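Working notes, structure below.
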Amino acid sequence: MSKPKSPEAPKMHILFADDETNLQELMRSELTRMGYAVTVCPDGLTAVAALEKEPFDCLIVDLHMPGMDGIEVIGRAKEMYPEIEAIVMTGNPSQETAIAAVRHQVFEYLTKPSRLSEIANLLGRVSERRQTKRQLAALQHRVRRAEGDTRLIGEAPAMQTVRTLIEKVAPTDSSVMIRGETGCGKELVAKAVHEQSRRAAEAFVAINCGALPENLIESELFGHCRGAFTGADAARTGLFEVADGGTVFLDEIGELPMSMQAKLLRVLETGDIRRVGDNQSIKVDVRVVCATHRDLEAMVEEGTFREDLMFRINTFEIRIPPLRERIGDLPALAAALLRRHRGDVGSNERLFDDEALEVLKAHVWPGNVRELANVLEHASILCDKMPIRAEHLPRHFGKRQLRKELRTSSPMSLRDLERVAIEQALERHDGNKPAAAEELGIALKTLYNKLNSAEDRKAA
């Protein structure tokens, strides 16, 4: 197998504005030779018109131009694209213009004539600064989503298979589909794929497709230009661009609207994204990992999911077993989750008494590991001193209502299991749907859809 290439930084797009014809031709040829995309303008007004049509990464402007001087152009550019870097060139430097340049956060102030080597070094610094900013944004995004230890816990044969599949696919750039019930740890597996890949030092950006408002999802994924829609007062970088060089995790891909499925397919096939309101494409290098608890094949048959997109994202599949199928891993999982939630628990301290552990093992866990985490958080609040006892667990555990219903309804379909889990969550939260959706780890919209589907089946 050939070694994957390292992700390359995207080519910078430079806007050069100067009223000297000879300098225009020189910069057009030399900046292109240096590997940059360049647009050359003869004056400030033309430069502003170019900025209104498309985004640029760096702006090089002459200070004195007819119609609009360089400082004015930079001011307009910063309004439209706050992240743009600006370089001023002038043959008549003065203290006033230097102060104005500092006020507009100009990256560098050059005196004409400037050597090409000086400009090349300067643009290299601009490129490094942009890369640093992108990595910092990615790191901040990752830190916000940090959930502590990302190890996969469990020695069940099914989990050993998951680890083996991760080791096989992680070094490649293949897209990965992670399947499993709600709350079984799909994002944890996606992180493991990323952290064992060549992209581990770059961003891991997780996106819950079911939680994004339908009217804003394109902007969230791909960004937008200033003025693209009401409220778009400044340009915004999309999450795919933040993840450039790294991994995008599209959780609950089955919730993505059909209109966005076509746009996502184009991005996956071409590597090009287009900000909302922009006519120009931006090249990104991302690995895509998707996850779903839904039956995508059935959705394809129903016409609610694109078949070509399913084939594109399902290059390599990893299925995660539900917690009820690896109940032997529960003690280790529970201990890790409890220690994550409570920092005052000793490494050798007894965490559960025998009765509490038996109650936990007897539960069917329709919400899987996420439900277990919520139950342990509840218990740790009530428990002042270890070990946790059965009385510290939520009320429905003492009654074992879910276990009883499952025993009287065997065998039970996955749809019925979902129904029971939803009913139990609503009961625990006294009918509070947002709280129930949060416990189950699904979007509120998804909860309403499932409740409506259940009502439709009853009516039929």
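The values are calculated or read from the model by the stated rules, or taken from the named source; none is laboratory data. Note that this is a predicted model, so its numbers are computed, not measured. Backbone-built Cβ (ideal geometry, glycine too); neighbour counts: all protein chains shown.
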Is it the case that residue 176 is surrounded by 21 or more Cβ atoms within 10 Å (Cβ to Cβ), within 23 Å of residue 254 (Cβ to Cβ) and hydrophobic (A, V, I, L, M, F, W, C)? yes
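Matching residues to (1) part of a loop (DSSP other than H, G, I, E, B); (2) farther than 16 Å from residue 243 by Cα:
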position: 172; (1), (2): yes, yes
position: 177; (1), (2): no, yes
position: 189; (1), (2): no, yes
position: 194; (1), (2): no, no
position: 199; (1), (2): yes, no
position: 202; (1), (2): yes, no
position: 205; (1), (2): no, no
position: 218; (1), (2): no, no
Hits in segment 37-49 - residues which are in a helix (DSSP H, G or I) and within 17 Å of residue 71 (Cβ to Cβ): 44, 45, 46, 47, 48
Among the residues of segment 47-79, which ones are crowded, with 18+ Cβ neighbours inside 10 Å and acidic (Asp, Glu)? 57, 62, 69, 72
Would you pick out the residues in segment 292-316 that are under 15 Å from residue 267 (Cα atoms) and either touching a residue at least 12 places away in the same chain (Cβ under 8 Å) or of a type in the set (Lys, Arg) (or both)? 306, 308, 309, 310, 312, 313
Could you tell me which of the residues 211, 262 is touching a strand residue (DSSP E or B) at 6+ places or on another chain (Cβ under 9 Å), within 24 Å of residue 302 (Cβ to Cβ), surrounded by fewer than 21 Cβ atoms within 10 Å (Cβ to Cβ) and not assigned by TED's automatic domain parsing to the domain that holds residue 51? 211
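For every residue, the table says whether it meets (1) at pLDDT 95 or above; (2) more than 25 Å from residue 442 (Cα to Cα); (3) touching a helix residue (DSSP H, G or I) at 6+ places or on another chain (Cβ under 7 Å).
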{"residue": "196", "(1), (2), (3)": "no, yes, yes"}
{"residue": "234", "(1), (2), (3)": "no, yes, no"}
{"residue": "238", "(1), (2), (3)": "no, no, yes"}
{"residue": "245", "(1), (2), (3)": "no, yes, no"}
{"residue": "254", "(1), (2), (3)": "no, no, yes"}
{"residue": "271", "(1), (2), (3)": "no, yes, no"}
{"residue": "280", "(1), (2), (3)": "no, yes, no"}
{"residue": "297", "(1), (2), (3)": "no, no, no"}
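Yes/no per residue for (1) in the same structural domain as residue 424 (by TED's automatic domain parsing); (2) over 36 Å from the mean Cα position of the chain (by Cα); (3) assigned to a loop (DSSP other than H, G, I, E, B):
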| residue | (1), (2), (3) |
| --- | --- |
| 361 | yes, no, no |
| 366 | yes, no, yes |
| 369 | yes, no, no |
| 373 | yes, no, no |
| 377 | yes, no, no |
| 381 | yes, no, no |
| 384 | yes, yes, yes |
| 391 | yes, yes, no |
Taking segment 287-315 on its own, how many of its residues are under 22 Å from residue 185 (Cβ atoms) and either outside the structural domain of residue 253 (by TED's automatic domain parsing) or part of a helix (DSSP H, G or I) (or both)? 2
By residue number, the members of segment 421-434 that are exposed (fewer than 15 other Cβ atoms within 10 Å of the Cβ) and either modelled with pLDDT under 80 or part of a loop (DSSP other than H, G, I, E, B) (or both) are 427, 430, 431, 432
Determine whether residue 269 is outside any loop (DSSP other than H, G, I, E, B) and either surrounded by 15 or more Cβ atoms within 10 Å (Cβ to Cβ) or of a type in the set (Asp, Glu) (or both). yes
Need pairs with beta-carbon distance below 9 Å; first residue closer than 13 Å to residue 220 by Cα and within segment 236-258, second of a type in the set (Asp, Glu) and assigned to a loop (DSSP other than H, G, I, E, B); sequence gap 6+ or separate chains. 237/83; 243/202
If I go through segment 80-122 residue by residue, how many of them are modelled with pLDDT under 70 and either surrounded by 14 or more Cβ atoms within 10 Å (Cβ to Cβ) or not assigned by TED's automatic domain parsing to the domain that holds residue 61 (or both)? 6
Looking at 377, 418, 405, 371, which is the one that is surrounded by 14 or more Cβ atoms within 10 Å (Cβ to Cβ) and at pLDDT below 65? 405
So residue 333 ticks every box in (1) within 30 Å of residue 425 (Cα to Cα); (2) at pLDDT below 90 but one. Which box is left unticked? (2)
